[in-house]
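The values are calculated or read from the model by the stated rules, or taken from the named source; none is laboratory data. Owing to the predicted nature of the structure, the values given are computational and were not obtained by experimental measurement. Here the Cβ positions follow ideal geometry from the backbone for every residue, glycine too, while neighbour counts run over all protein chains shown.
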Amino acid sequence: MCRCIMTGKVFEERKALMKMKCRVLAAVLAMAMLAPWVAWADEDAAKARAILEKNKLAVATVKLVVKQKFSMFGMGSEENESKMDITGTVIGPDGLIVVALSSTDPMAIYRSMMPSMLDEGLQMDSELSDVKILAEDGSEIPAQVILRDNDLDLAFVRPKEKPVQPWPHIDLRNDAKPELLDKLVALNRLGKAANRAYSLSYEWVEAIVDKPRTFYVPGTQITNSTQGSPVFSLDGKIVGVIVIRAIKDSDSGGGLFGMSDAVTPIILPAADILEGVQQAPPFTEGDATTPAPETH
C-alpha cells in the first residue's frame, strides 16, 4: 500500500516536471520564432534613422501670418489675424519649398466642399500677409508663395532673395512607387513646445487610388506626420508629400457636419509635385542673394 502511494507521488512529480519542461520549451520556441521579427523591426528603425539623418535639413518650418475674413448671410463680417507654423519640404537648391495649400489657407477646404453655402452669402476669405522660413539658428528668412495648385493642394514657397549656396533638398526624381501595405517613413519638424525637434513616423499604404490620378492613402493611426511632411520608402527614396484631398460633397447638404467622407489626408506622389516645380518662375538676374542657412 505504501509502495503504491509513493509510486503515485513520484508519478505526479514527474508529470509536473514534464509540464514545466514543455512550458519552457514552448517559451524558447516562441522566442526563436519572434527573433527574426524583432531583428527586422530593429533593421527598419535603423533605416528610418538613416533616412532622417540624410534628409532632415530638407524638412522646413514655414512661419505664416494669415488674415481671415468671415461673413454670413448679411450678418456683418469678422476679421482676425493669426500666426501659424507649417511644415514643408525643400525640393530645390534655390530653396524652393512645397507645402500643402490647405495649410496656408484653412478656409479653402470648406470653400471647396460647400459651394452652395457660398452662393447663399457665406464668405470665407484668407490672405497671407507675411511668409518666412525658419532657420536652425532661429533667424527668419523672408519668403513668398510663388505658385499655387488648388487641384493638388500644393503651394510653392521660396526665399525672396536668391541663395548664394545651394540648399540641401530632396531630389523628386529619385522616387519610389509603393505597393499596398508597404511600410513608409514620414519626417517632420515639431513646434516650439517640442523645441523644434525632428520626428520620425511609420506610415502604411492602406489604399492606392489610380483615378483620376494616382495617390496613396495612409493609415488612420495617430502619428507626428502632418501636411507637408515628406514620405520615404525604407530604401530611402522619396514617395511623396502629405496633403489634403477634399471633394464637393452633395450628400452633406452643404453643412459642416457629415463631411468626414469628403476630405482625407493623402500622400501625393513625387512625380505630380515635380510637374508643379516645372511651372515655378525662376529667379531673375536682378534678384538679390542671401547665404544659405544651416538648415531650413
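Determine whether segment 112-123 contains at least one residue that is surrounded by fewer than 19 Cβ atoms within 10 Å (Cβ to Cβ), modelled with pLDDT under 85 and of a type in the set (A, V, I, L, M). Yes, segment 112-123 has at least one match. Here A155 meets the list (1) modelled with pLDDT under 95; (2) in a strand (DSSP E or B); (3) within 19 Å of I267 (Cα to Cα) almost entirely, failing just condition (1).
Would you call E179 touching a Gly at 6+ places or on another chain (Cβ under 9 Å) and more than 19 Å from V99 (Cα to Cα)? The answer is no for E179.
Does any residue of segment 278-287 turn out to be at pLDDT 95 or above and within 29 Å of E161 (Cα to Cα)? Checking segment 278-287: not a single residue is at pLDDT 95 or above and within 29 Å of E161 (Cα to Cα). Residues of segment 221-231 that are closer than 23 Å to D151 by Cα and either free of Cβ contacts under 8 Å to residues at least 12 places away in the same chain or crowded, with 24+ Cβ neighbours inside 10 Å (or both): S225, G228, S229, P230, V231. Report, by residue number, each residue of segment 205-242 that is in contact with a helix residue (DSSP H, G or I) (Cβ under 7 Å, 6 or more places away or on another chain) and either more than 11 Å from V185 (Cα to Cα) or of a type in the set (A, V, I, L, M, F, W, C) (or both). Correct list: R213, Q227, G228, F232, L234, I238, V239, V241.
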